[in-house]
Amino acid sequence: MKDSILAHIDNPAQLEKLYRENNAEFKKQFNVIYPNYKDKLGLQVWNERLNYESEKLALGGKNEISAVIILILFGGLIANIPNLTGINEESFFSKNIPLIIFPILSAYFIWIQKIEFNKIWFPIIAIVISAIYVNLIPNYNKSDSAMLVGIHLPMFLWSILGYAYIGAKLNDHPRKIEFLKFNGDLIIMCGIILLSCMVFTLITFGLFELINIKIEENYFRYFAIWWIAAIPMIASFLLQNNPQLINKVSPIIAKIFTPLVFINLLIYLTAVIYTGKYPYNDRNLLLVFNVLLIGVMALILFSVAEAGKNNKGLFTLYILFGLSILTIIINSIALSAISFRILQYGMTPNRIAVLGGNILIFIHLLMVSFKLYKSVRNKAKIEEVETSIAQFLPIYSIWTAIIVFILPFIFHYK
């Protein structure tokens, strides 16, 4: 290998071929040769490629660490309200888990972005009103309208988090796209931390089991309860200071699953047509259609964001365009089904919420598909697709606010 490297020292293509044949041996011999050829620019590049040490884990400054600890403690205290007051745990957590997670994340990004004081009144008032409101309405299992609040309140609070993340700059569309990417990375990082916590828990249980002490109940009540606030907060903190931790995982997931979902969706729609199982009279099938719609829509948005970030080729754009068309077809079926059910059985809070959501997604998909079509035809850049995604996000926020704060009043929480 050493002689081969020396023989082709000025031939980049041949060096790459040698590296791919046996990268471990190539690196070993290259490091022996390099000290005598440091003046060659090509070998300097190879040296950095082979011997570059990744940045160490960054933990931010002392002020940031202190802020994170304070926010975790604050979120943990909220999570411990049932332990401190005797409030029914099931009722409390069914309503308040989003209010444990999103406010502290929003506060963190308000602090990070150094948002001006006159612009933080909106998230503060929105969070306070949400906290009071959700704890005054009936329990979710006693009212369809209240259940809608439980489903959509996390989405509303997620919008507040987005406001904080973009620094209250509502016209900063690139920053909105970054927020979408951040959400994908955050989910992955939270999953990794949660898995680590679960392993730690099993080890802890096993150790105490060996000395015949049962700690399960007290462990979850007084210790694990802090995870609700700590896991997303720590994940956000790590990602903010170490974007390299996950930024290679999300593109791989998007790259693998986008074509797989396209094929799966095509087969599924063919099966629906073949079997004649449409969601007009089957509420469960309509629910599946809407969950599928939301999931695929999210994948499209994230994949487009990654395509813009990594300058993907024409094949990826064709896949995304095809996936958007299939999703429009699914949306059309779901939209016609919910319209049919409203005409057949009348208005209910659930049907209005689903109808409005489907209409918004349908309009958004048309916008995104049109921009994707122009990108495929080389008449628009992928950045224009991203802009069409970002421009519509506030509309979803307004709709969730209507469902949470207005729709239940119209139906008197029935």
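The values are calculated or read from the model by the stated rules, or taken from the named source; none is laboratory data. The model shown is predicted, which means the values in this text are computed figures rather than measured ones. Cβ sites come from the backbone with ideal geometry, for glycine too, and all protein chains shown count toward neighbours. Heavy atoms of the whole protein, side chains included, go into the accessibility calculation; ligands, DNA and RNA do not. Shrake-Rupley method; radii C 1.70, N 1.55, O 1.52, S 1.80 Å.
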Scoring only Lys, Arg, Asp and Glu (+1, +1, -1, -1) among other residues with Cβ under 14 Å from the Cβ of Ala168 yields +3
In degrees rounded to 10, the 0-90 angle between helix 62-79 Cα long axis and the longest Cα principal axis of the chain is 30
Row for region 1-53, column shape: gyration tensor on C-alpha, a ≥ b ≥ c, rounded if a/c < 1.5 i.e. under 1.5, prolate if a/b over b/c, else oblate; value rounded
Placing each pseudo-label 7 Å from Cα in the direction of the beta carbon, Asn36 and Tyr345 end up separated by a distance in nanometres of 8.2
Rounded to the nearest 10, the angle in degrees between the Cα long axis of helix 283-310 and the longest principal axis of the Cα atoms of the chain comes to 30
Of the residues Leu365, Ile151, Ile177, the Cα lying farthest along the dipole of the chain towards its positive end, which is defined by charges on the beta carbon of Lys, Arg, Asp and Glu, belongs to Leu365
The correct ranking of Lys40, Lys17, Lys62 by accessible area at 1.4 Å, largest first, is Lys62, Lys17, Lys40
Computed over the chain: longest principal axis from alpha-carbon atoms vs helix 227-241 long axis, angle to nearest 10 degrees, is 40
Lys pairs in region 253-391 with Cα under 22 Å (8 or more apart in sequence, or on separate chains) total 15
Reported to the nearest 10 Å², Val32 has, with a 1.4 Å probe, an accessible area equal to 80
In deg cm²/dmol, rounded to the nearest 500, the helical mean residue ellipticity at 222 nm of the chain, built from -39500 (n - 2.57) for every DSSP H run of length 4 or more, is -27000 deg cm²/dmol
Between Lys17 and Lys374, the two model label points (7 Å from Cα along the beta-carbon direction) sit apart by a distance in nm of 4.5
Rounded to one decimal in nm, the spacing of the 7 Å Cα→Cβ label points at Met198 and Ile273 is 4.0
With all protein chains present and a 1.4 Å probe, the order of Lys414, Lys176, Lys119 from largest accessible area down is Lys414, Lys119, Lys176
Quick shape check on the chain: root eigenvalues a ≥ b ≥ c of the Cα gyration tensor, a/c under 1.5 is rounded, otherwise prolate if a/b tops b/c, else oblate, and it reads oblate
In whole angstrom, the spacing between the Cα centers of region 133-159 and region 220-247 equals 25
Those GluC sites (Glu not before Pro) from region 14-93 that are DSSP loop and have at most 13 other Cβ neighbours within 10 Å turn out to be Glu53, Glu55
If the chain between Phe362 and Ile252 were fully extended at 0.36 nm per residue, the gain over the current Cα-Cα distance would be 36.9 nm
With all protein chains present, region 307-414 has a carbon and sulfur share of its accessible area (1.4 Å probe) in percent of 69
For region 292-414, the per residue accessible area (1.4 Å probe, Å²) is 45
Length gained, Ile234-Asn212, 0.36 nm per residue minus C-alpha separation, equals 4.6 nm
Surpassing 20 Å at the alpha-carbon level, of the pairs Lys62/Lys119; Lys114/Lys176; Lys95/Lys214; Lys2/Lys38; Lys114/Lys169, are Lys62/Lys119; Lys95/Lys214
In whole percent, the fraction of accessible protein surface over region 192-284 that belongs to carbon or sulfur atoms, probe radius 1.4 Å, stands at 71
Stretched fully, the stretch from Asn88 through Phe315 gains (0.36 nm per residue minus C-alpha distance, one decimal, in nm) 76.3 nm
